[in-house]
Amino acid sequence: MICPALIAAAACALLAACAKPAAPVRALPPGATPEEVVDYARAQAQYRSALASGNDDLAMQAANTFSSISQEILSRQDPRLFDARAVCQRYRVAWPRDPRDARSTFEPQFVRDCEHIEWRYNQATIAIRRDLEMRIAAADLAIIAQARSSHP
């Protein structure tokens with residue numbers, strides 16, 4: 001009885017030792033990737049087109065793209081802030097409308113911490129969006145300068 005189990009364990013160990021190691025996963029840099037910059041620029045064009053045509057659904061889709069790209073970049077730049085906001089979002093607290101009804105299962109300090117985290121998160125995503133917009137504007141200017149230099 002012990003012999004078949006021992007043989008099976010040895011076979012598994014041998015297979016595991018001979019198997020190719022998994023390819024290492026390359027980590028993304030903390031800043032925006034070129035693909036993210038292109039996607040953001042595409043969303044900007046989509047947003048402007050939607051505003052001009054009055055297509056609110058398309059404008060909302062572009063705004064969601066802005067948000068998701070900046071969230072993805074922030075998750076790499078500051079994973080602790082990103083995770084802290086996720087916790088606060090999960091346990092969002094609705095303050096009572098009537099101040100006399102101050103029953104809450106959460107400590108006021110937790111609520112204040114979450115408000116501060118939300119503020120920091122918003123400031124960080126705004127900075128990321130500004131950086132993306134500056135990169136796109138610089139690329140646009142470079143394209144214009146190149147076009148001007150090729151046409152006398």
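The values are calculated or read from the model by the stated rules, or taken from the named source; none is laboratory data. Given the structure is predicted, the values throughout are model-derived calculations rather than measurements. Virtual Cβ from ideal backbone geometry, glycine too; neighbours counted across all protein chains shown. Just so you know, the surface numbers come from the protein's heavy atoms only, side chains and all, with ligands and any DNA or RNA stripped out. Shrake-Rupley method; radii C 1.70, N 1.55, O 1.52, S 1.80 Å.
Tabulated data for the structure shown
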read-out: Heavy-atom SASA rank of F82, F66 (probe 1.4 Å, accessible area, largest first); value: F82, F66
read-out: Relative packing of peptides 127-133, 141-147, 57-63 - highest average C-beta neighbours within 10 Å first; value: 127-133, 57-63, 141-147
read-out: Accessible carbon and sulfur surface of region 43-87 relative to its total accessible area, %, 1.4 Å; value: 49
read-out: Order of exposure, largest accessible area first, which applies to T65, T33 with probe 1.4 Å; value: T65, T33
